Amino acid sequence: MAASLAQLIDWRDALFEARMTGVRRVRDADGVEIEYRSDNEMKAAIAAADSEIAAAQRRQPSTIHFRTSKGLY
């Protein structure tokens, strides 16, 4: 099941805060604990979360225009 936009944003914010304070071990609300080996690994996780958030925020087109012809000019 995919996470909601609010969950992704909360997770990214918590991960960013942990990175800025130097914490390498993060525990989520479900009790799952993740330990990152390096700052680069945390940076990659934040970038992945940012891309998921950007994908979730994309708007679908409200109008689709079809341009068709019968092949005659």
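Here is the figure for segment 17-50: residues that are loosely packed, with under 10 Cβ neighbours inside 10 Å and in a helix (DSSP H, G or I) total 3.
Scanning segment 8-21 for residues that are out of contact with any strand residue (DSSP E or B) (no Cβ under 8 Å at 6 or more places or on another chain) and under 12 Å from residue 50 (Cα atoms) returns 8, 9, 10, 11, 12, 13, 16. Look at (1) under 23 Å from residue 2 (Cβ atoms); (2) outside any helix (DSSP H, G or I); (3) among the basic types (Lys, Arg) and you find that residue 12 fails only one, number (2).
FYI, it's all coordinate maths here, none of it is from the lab. Not measured: the values here are computed from a predicted model. Every residue, glycine as well, gets a Cβ built from its backbone with ideal geometry; the counts of neighbours run over all protein chains shown.
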